[in-house]
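Sharing a structure below in structure tokens format, with a few things to ask.
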Amino acid sequence: MEADHGHRWLRWPSSQARARLAFGADYNPEQWPREVWDEDMRAMRAAGVNIVSLAIFSWARIQPAQDVWDFGWLDDAMDLLHAHGIAVDLATATASPPPWLTTKHPEILPVDQNGHTVWPGARQHWRPTSPVFREHALRLTRALAERYGRHPALAAWHVSNELGCHNVYDFSDDAATAFRAWLRSRYGTLEELNRAWATAFWSQHYSDWAQILPPRLAASYPNPTQQLDFKRFSSDALKDHLRAERDVLREVTPDVPVTTNFMVMGGTKGMNYADWAGEVDFVSNDHYLLTGPQAQDELSFSANLTGSLAGARPWYLMEHSTSAVNWQPVNLAKKPGGMARDSLTHVAYGADAVCFFQWRQSAGGAEKYHSAMLPHAGEDSEVFRAVTELGATLAALAPVAGTRRSRAAAAIVFDWESWWASELDSHPTSLLRYRQEALDWYSAFLAAGVRVDIVSPADDFTGYQMLVAPILHVVPGALGRRLENYVASGGHLVTTYFSGIVDEDDHVWLGGYPGALRDVLGIRIQEFGPLPAGDAVDLDLGVAGTLWTDRIELTDTATEVLASYKTGDQAGRPAITVRRTKAGSASYVSTRLGPDGLSVVLPRLLDIGEVASDLPPEARGLVEVAVRTDETDDYWFLINRTDRHVDLSAVEGVPLQGPSLAADAILGPRQVRVLRRPRH
Ligand code: GLA
Ligand code: GLA
């Protein structure tokens, strides 16, 4: 990463340089007649909008044919926004190639695992590795950079859009060529690749690089290391596209920060964002509230993880929704207060921008039933009133702009490599869900009212009293040693089933499970005991396990049993163990306890790690607390997770908005209070 680009945030017009939170949306004026734009400006100002993302899907409009350019409408939109004091995060417009391009160059279209072409008709129908696509995309990027680089409304560049949302895995011939080049640079020699891929198995030995293919439709399970490498490669191929557009932008406009919107949410796992975060000037994320009992926790988890990717930098919530989306099986409207709570939860974890997809709800097209800031019903609507109220709240929260997240005492280790590898096929179970296990631990922290960070295995663990590493499946030798040192120097490590099993080549650590973590945990397992779907076993702590069990032997006199199985094949044997060292400990949870079971077990582990809640007992579990900080003050975000009223009288601080706690200490359903507390 270029050091001088590392900490740059939005370039606000100089007339508006004061600290503020950004507020706005994707703006798609090309979907509307020109007279509507004037109404948009008035309504944006009424709502407190100060930034929009423009031209995300405008390629066909900007470049209607290979050598025909139409910038007039975009000049007009940029000037109009600027005249109304609204800054622009301008897209490079390369997300959806126009029909003239795919007709002339069908070789840019992706190919799926079965050899089917992914045809145009939706969006993002391009191969990340196509040299032809790259050339056209960079030409457009350069044209926009040259035309708008000095425009006073321009606050940032927005590379493409949600890279990899639909095109992360491409199995085309271009992908095959690029995959071979990627493998050459990873392994150097074919011998090394053959070793890493264990090609002695099933007669897969390669004698020429040209023989290697992406893991296309195969007769049985494709080689697992080939699959893992293809995931690594696919993330890198998109990252390479990001860098290519970014480098053009930096060449033409070195003073304008560059971002792209990540998708840290739900099951989106193709892009290793821990590896991407250093490539942008500031991190942006898109997050949509899912449905189900852990939806709110999942939002918080994603915001927290995004904040951790951003590091010391503020980050930009590029998209979320005011109410329903259009792409879930059933699309629920948000409850009153829900939108503001969602927005402010992102701010709590370091977002300095709160933006939506999109400004004005479309009348036509695939997303016409997706909510927006200005809904079909118009300005006389609850959504628009709530949007306007949110704009005022964010203005009152201006003091938090530019503050950093305050470090928690505990952290969850989140690892894309373990996510990818643990969910490959032909494993002890196909039911394991890596991110769900991490989320369940996160929910247990929320239930305990204890703040927790999310870190990557590459991060520095020192300073964390407790590290929870759920399903840390891939443990290269160096990581195993770092975890041993962490425990030896007083850290409290907690890990779970199917952790420590393989190295970076997806080869099993021999001698008994959990391989690389066997010594630090002081246990040994000879055979896995996964459970059939629907089966549960009881533990003596009054909780039940599903998915997995292990037959655990204690191999160190310092290893104690924290809980045992009461039923099932392992009845009477250890289910949860802890090995205590002089100052630290290493605990192992051998089954899936889910959020409810973990909310019973985690407090015991927190006791061992001496990690405490910041909240008064009556608020724990009901209120989520996140803390931002600067030189003089802490800012406590208190987020009501429930539909109940919560009493905050035992909490100290001065609200940045709304009544003082002395006047009103009740946090209503879904409400958020932000308290300023001087640092001692
Ligand atoms: C993504 C895209 C947007 C829109 C939203 C809908 O985030 O970036 O263009 O499709 O989803 O939720
Ligand atoms: C078949 C094959 C073996 C092996 C086993 C695994 O029997 O012949 O090579 O794959 O299945 O169950």
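The values are calculated or read from the model by the stated rules, or taken from the named source; none is laboratory data. The shown structure was predicted, so the numbers you read here are calculated from the model rather than taken from an experiment. In this analysis, Cβ positions are derived from the backbone assuming ideal geometry, glycine residues included, and neighbour counts consider all displayed protein chains.
Please work out which one of (1) of a type in the set (Ser, Thr, Tyr); (2) more than 16 Å from ligand 1 (Cβ to nearest atom); (3) surrounded by fewer than 21 Cβ atoms within 10 Å (Cβ to Cβ) is the condition Ser234 fails and give its number.
Answer for Ser234: the failing condition is (3).
So in region 28-59, with the set limited to residues that are outside any helix (DSSP H, G or I), within 15 Å of ligand 1 (Cβ to nearest atom) and without any contact (Cβ under 8 Å) to a residue 60 or more places away in the chain, which one is surrounded by the fewest Cβ atoms within 10 Å (Cβ to Cβ)? Break it down stepwise before answering.
Restricting attention to region 28-59, the residues satisfying the condition of being outside any helix (DSSP H, G or I) are 28, 32-33, 48-58.
Now narrow it down to the ones that are within 15 Å of ligand 1 (Cβ to nearest atom): 28, 52-58.
Remaining after also requiring without any contact (Cβ under 8 Å) to a residue 60 or more places away in the chain: 54, 58.
Working: Leu54: 25, Ser58: 23.
Of everything passing the filter in region 28-59, Ser58 is surrounded by the fewest Cβ atoms within 10 Å (Cβ to Cβ).
Starting from region 189-209, keep only residues that are small (Gly, Ala, Ser), then list their pairs with residues that are in a loop (DSSP other than H, G, I, E, B) whose Cβ atoms are within a distance under 7 Å, requiring at least 6 positions of separation or different chains.
Ala196/Asp505; Ala198/His507
Restricting attention to region 575-596, report how many residues are farther than 19 Å from Tyr486 by Cβ and surrounded by fewer than 22 Cβ atoms within 10 Å (Cβ to Cβ).
3
Of the residues that sit in region 149-160 and are part of a loop (DSSP other than H, G, I, E, B) and buried (at least 21 other Cβ atoms within 10 Å of the Cβ), which one is nearest to ligand 1 (Cβ to nearest atom)? First the steps, then the outcome.
So in region 149-160, the residues part of a loop (DSSP other than H, G, I, E, B) come out as 149-153, 159-160.
From the residues that got through so far, the ones that are buried (at least 21 other Cβ atoms within 10 Å of the Cβ) too are 153, 159-160.
Numbers: Ala153: 21, Val159: 13, Ser160: 10 Å.
Top of the filtered list is Ser160.
So, Arg407, is that one more than 16 Å from ligand 1 (Cβ to nearest atom), farther than 21 Å from Tyr27 by Cβ and surrounded by fewer than 18 Cβ atoms within 10 Å (Cβ to Cβ) or not? Steps first, answer last, please.
Numbers: more than 16 Å from ligand 1 (Cβ to nearest atom): yes; farther than 21 Å from Tyr27 by Cβ: yes; surrounded by fewer than 18 Cβ atoms within 10 Å (Cβ to Cβ): yes.
Yes, satisfied.
Could you tell me how many of the residues in region 60-90 are over 27 Å from the mean Cα position of the chain (by Cα) and either of a type in the set (Val, Ile, Thr) or within 16 Å of ligand 1 (Cβ to nearest atom) (or both)? Spell out the reasoning first.
Residues of region 60-90 that are over 27 Å from the mean Cα position of the chain (by Cα), as a first pass: 60-86.
Checking which are either of a type in the set (Val, Ile, Thr) or within 16 Å of ligand 1 (Cβ to nearest atom) (or both) leaves us with 60-62, 68, 86.
Residues that pass the stated criteria total 5.
Quick one: would you say Arg134 is more than 16 Å from ligand 1 (Cβ to nearest atom), surrounded by 23 or more Cβ atoms within 10 Å (Cβ to Cβ), among the charged types (D, E, K, R) and within 23 Å of Ala277 (Cα to Cα)? Let's see the steps before the verdict.
Numbers: more than 16 Å from ligand 1 (Cβ to nearest atom): yes; surrounded by 23 or more Cβ atoms within 10 Å (Cβ to Cβ): no; among the charged types (D, E, K, R): yes; within 23 Å of Ala277 (Cα to Cα): yes.
Here the answer is no, as Arg134 does not meet what is asked.
Step by step: first the residues of region 277-289, then only those that are part of a helix (DSSP H, G or I) and over 11 Å from the mean Cα position of the chain (by Cα), then the one that is farthest from ligand 1 (Cβ to nearest atom). Which residue is that? Walk me through how you get there before you give the answer.
Of region 277-289, the ones part of a helix (DSSP H, G or I) are 277-279.
Narrowing the set further to residues that are over 11 Å from the mean Cα position of the chain (by Cα) leaves 278-279.
Working: Gly278: 22, Glu279: 19 Å.
For region 277-289, the residue satisfying everything is Gly278.
Tally up the residues in region 545-572 that are in contact with a strand residue (DSSP E or B) (Cβ under 7 Å, 6 or more places away or on another chain) and either among the charged types (D, E, K, R) or more than 19 Å from Ser587 (Cβ to Cβ) (or both), please. Step through it out loud before you land on a result.
Narrowing region 545-572 to residues in contact with a strand residue (DSSP E or B) (Cβ under 7 Å, 6 or more places away or on another chain): 545-556, 558-568, 570-572.
This time we only want the ones that are either among the charged types (D, E, K, R) or more than 19 Å from Ser587 (Cβ to Cβ) (or both), so: 546, 550-551, 553, 556, 560, 566-568, 571-572.
Within region 545-572, residues that are in contact with a strand residue (DSSP E or B) (Cβ under 7 Å, 6 or more places away or on another chain) and either among the charged types (D, E, K, R) or more than 19 Å from Ser587 (Cβ to Cβ) (or both) number 11.
Modelled with pLDDT of 95 or more and farther than 25 Å from Asp596 by Cβ: does that describe Asp540?
Details: modelled with pLDDT of 95 or more: yes; farther than 25 Å from Asp596 by Cβ: no.
No.
Quick check on region 133-141. Is at least one of its residues out of contact with any Asp or Glu (no Cβ under 6 Å at 6 or more places or on another chain) and in a loop (DSSP other than H, G, I, E, B)? Working first, answer last.
Of region 133-141, the ones out of contact with any Asp or Glu (no Cβ under 6 Å at 6 or more places or on another chain) are 133-140.
Filter once more, so that each one left must be in a loop (DSSP other than H, G, I, E, B): none.
So far as region 133-141 goes, no, none of its residues is out of contact with any Asp or Glu (no Cβ under 6 Å at 6 or more places or on another chain) and in a loop (DSSP other than H, G, I, E, B).
Cβ-Cβ distance below 6 Å, separation of 6 or more or different chains: which pairs start in region 439-452 with a residue that is closer than 20 Å to Arg405 by Cβ and end on one that is aromatic (Phe, Trp, Tyr)?
Filtered contacts from region 439-452: Leu439/Phe301; Tyr442/Phe301; Val452/Phe445.
Here is a follow-up. Give me the residue from region 377-388 that is among the acidic types (Asp, Glu) and in contact (Cβ under 8 Å) with a residue 24 or more places away in the chain and, out of that set, farthest from ligand 1 (Cβ to nearest atom). Let's see the steps before the verdict.
The initial filter retains those residues of region 377-388 that are among the acidic types (Asp, Glu), namely 379-380, 382.
Now drop any that are not in contact (Cβ under 8 Å) with a residue 24 or more places away in the chain, which leaves 379, 382.
Numbers: Glu379: 22, Glu382: 20 Å.
Per the stated criteria, the residue is Glu379.
Residue under question is Ala145, and the condition is that it be of a type in the set (Gly, Ala, Ser), in a helix (DSSP H, G or I) and closer than 27 Å to Phe23 by Cα; does it hold? Reasoning before the result, please.
Numbers: of a type in the set (Gly, Ala, Ser): yes; in a helix (DSSP H, G or I): yes; closer than 27 Å to Phe23 by Cα: yes.
Yes, satisfied.
Sticking with this one: Suppose the filter is crowded, with 16+ Cβ neighbours inside 10 Å and either free of Cβ contacts under 8 Å to residues at least 24 places away in the same chain or assigned to a loop (DSSP other than H, G, I, E, B) (or both); does Arg20 pass it?
Details: crowded, with 16+ Cβ neighbours inside 10 Å: yes; either free of Cβ contacts under 8 Å to residues at least 24 places away in the same chain or assigned to a loop (DSSP other than H, G, I, E, B) (or both): yes.
Yes.
Sticking with this one: State which residue pairs qualify: first residue of a type in the set (Ser, Thr, Tyr) and inside region 322-334, second residue assigned to a loop (DSSP other than H, G, I, E, B) and surrounded by 16 or more Cβ atoms within 10 Å (Cβ to Cβ) in any location, beta carbons under 6 Å apart, and separation of 6 or more residues or different chains.
Thr322/Ser371; Thr322/Met373; Ser323/Lys334; Ser323/Ser371
Looking at (1) hydrophobic (A, V, I, L, M, F, W, C); (2) without any contact (Cβ under 8 Å) to a residue 40 or more places away in the chain; (3) in contact with a Gly (Cβ under 8 Å, 6 or more places away or on another chain), can you tell me which one Cys355 breaks?
(2)
Right, something else. Let me confirm something: among Thr103, Thr129, Thr94, Thr117, which residue is more than 16 Å from ligand 1 (Cβ to nearest atom) and buried (at least 23 other Cβ atoms within 10 Å of the Cβ)? Walk me through how you get there before you give the answer.
Numbers: Thr103 fails: buried (at least 23 other Cβ atoms within 10 Å of the Cβ); Thr94 fails: more than 16 Å from ligand 1 (Cβ to nearest atom); Thr117 fails: buried (at least 23 other Cβ atoms within 10 Å of the Cβ).
The match here is Thr129.
I'd like to check something: does region 319-338 contain any residue that is within 15 Å of the chain's Cα centre (by Cα) and either crowded, with 19+ Cβ neighbours inside 10 Å or within 13 Å of ligand 1 (Cβ to nearest atom) (or both)?
Yes, that holds for at least one residue.
Could you tell me whether any residue of region 236-246 is over 24 Å from Gln113 (Cα atoms), of a type in the set (Lys, Arg) and either part of a loop (DSSP other than H, G, I, E, B) or in contact with a strand residue (DSSP E or B) (Cβ under 8 Å, 6 or more places away or on another chain) (or both)?
Filtering region 236-246 for residues over 24 Å from Gln113 (Cα atoms) gives 243-246.
This time we only want the ones that are of a type in the set (Lys, Arg), so: 243, 246.
With the extra rule that they be either part of a loop (DSSP other than H, G, I, E, B) or in contact with a strand residue (DSSP E or B) (Cβ under 8 Å, 6 or more places away or on another chain) (or both), the set shrinks to 246.
Yes: region 236-246 contains one or more residues that are over 24 Å from Gln113 (Cα atoms), of a type in the set (Lys, Arg) and either part of a loop (DSSP other than H, G, I, E, B) or in contact with a strand residue (DSSP E or B) (Cβ under 8 Å, 6 or more places away or on another chain) (or both).
Can you work out which of the residues in region 347-376 that are away from ligand 1 (no atom under 12 Å from the Cβ) and more than 24 Å from Ala19 (Cα to Cα) is surrounded by the fewest Cβ atoms within 10 Å (Cβ to Cβ)?
My answer is Gly364.
Among the residues that make up region 161-170, is at least one of them within 16 Å of ligand 1 (Cβ to nearest atom) and either assigned to a helix (DSSP H, G or I) or in contact with an Asp or Glu (Cβ under 7 Å, 6 or more places away or on another chain) (or both)? Reasoning before the result, please.
From region 161-170, those within 16 Å of ligand 1 (Cβ to nearest atom) are 161-168; that's our starting set.
Subsequent filtering for residues that are either assigned to a helix (DSSP H, G or I) or in contact with an Asp or Glu (Cβ under 7 Å, 6 or more places away or on another chain) (or both) retains 162.
Within region 161-170 (the criterion being within 16 Å of ligand 1 (Cβ to nearest atom) and either assigned to a helix (DSSP H, G or I) or in contact with an Asp or Glu (Cβ under 7 Å, 6 or more places away or on another chain) (or both)), the answer is yes, since at least one residue qualifies.
Looking only at residues in region 260-276 that are closer than 21 Å to Arg8 by Cα and touching a Lys or Arg at 6+ places or on another chain (Cβ under 9 Å), which one is farthest from ligand 1 (Cβ to nearest atom)?
Restricting to residues being closer than 21 Å to Arg8 by Cα and touching a Lys or Arg at 6+ places or on another chain (Cβ under 9 Å), the top hit is Asp275.
Out of all the residues in region 517-539, is one or more in contact with a helix residue (DSSP H, G or I) (Cβ under 7 Å, 6 or more places away or on another chain) and farther than 30 Å from Asn485 by Cβ?
No, every residue in region 517-539 fails to be in contact with a helix residue (DSSP H, G or I) (Cβ under 7 Å, 6 or more places away or on another chain) and farther than 30 Å from Asn485 by Cβ.
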